[in-house]
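Reading through the structure tokens given below for one structure.
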Amino acid sequence: MKLIGLAGWSGAGKTTLLTRVIPLLIARGMRVSTIKHAHHKFDVDTPGKDSFAHREAGATEVLVSSGRRFALMHELREEPEWPLRELLTKITPVDLLIIEGFKKDLHPKIEVHRQANGKPFLHPDDSAICGLVTDATVETALPHAHIDDIPAIAAMMEAMAVPLAEIGARDGAGA
């Protein structure tokens, strides 16, 4: 399994970009999964459902399964957020794992930058950024593509992805 990250400020278009690039990667015969970092309290469960009641009652994990999918919810309660390296152990191996967010981690990342966002570039201060996707004109030695050039972005992701085993070997990975 290989891994590549997408990093950028909120509003840069990371999720939109993924919804455009994933189908192209799949059409190329790849199995693709994602890990998305959420900064705020979020819930994938619905109040009133049995699984919600199980979690509210104090269950640490609740796995909901049907003939079409399953979802595993793990309540951290008062535990600290898990580092990326621990989350990686929960993913079924695929050809390409795309990490959205976790911009402070040391895995290889492609920066997604939208000029209208008014935020500074991340790559000057992050040596783990190995490529740039933007709608701005920028002079950089990094490989880069326009934010709407989906085939070029997919090619960058494939070329810059590294084997999962290399991630664990990096100092501080997941910290």
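A short reminder: the numbers here are calculations on the coordinates, not readings from a lab. A quick note: this is a predicted structure, and the numbers were derived from the prediction, not measured. When we count neighbours, we look across all protein chains shown, and the Cβ atoms used for this are built from the backbone with ideal geometry, even at glycine.
Taking the C-alpha atoms only, the angle from helix 150-160 to the longest principal axis of the chain is near 80 degrees. Computed packing ranks the peptides 48-58, 146-156 as 146-156, 48-58, most packed first, by mean other Cβ atoms within 10 Å. Here the spin labels are modelled as points 7 Å beyond Cα on the Cα-Cβ line, and at V94 and E81 they lie 2.1 nm apart. Considering all alpha-carbon pairs of region 37-108, what whole percent are spaced by more than 20 angstrom? Above the 20 Å cut-off, region 37-108 has 43 percent of its Cα pairs. Summing charges over neighbours of S10, with a neighbour being any other residue whose Cβ is under 11 Å away from its Cβ, gives +4 when K and R count +1 and D and E count -1.
Cut-off is 10 Å between beta-carbons; in what order do S66, S33 appear when sorted fewest neighbours first?
Working: S66 7, S33 16.
Least to most surrounded, the residues fall as S66, S33.
Within straight-line reach of K41, meaning a Cα separation under 20 Å, sit the following aspartates and glutamates at least 8 residues removed in sequence or on another chain: E56, E61, E75, E78, E79, E81, E86, E100. A simple count of charges around D148, restricted to other residues whose Cβ falls under 9 Å of its Cβ and scoring Lys, Arg +1 and Asp, Glu -1, yields -1. Between the alpha-carbon centres of region 96-175 and region 39-80 there is a gap of 31 Å. For the set K14/K104; K49/K103; K2/K90, the pairs lying more than 23 angstrom apart at their alpha carbons are K49/K103.
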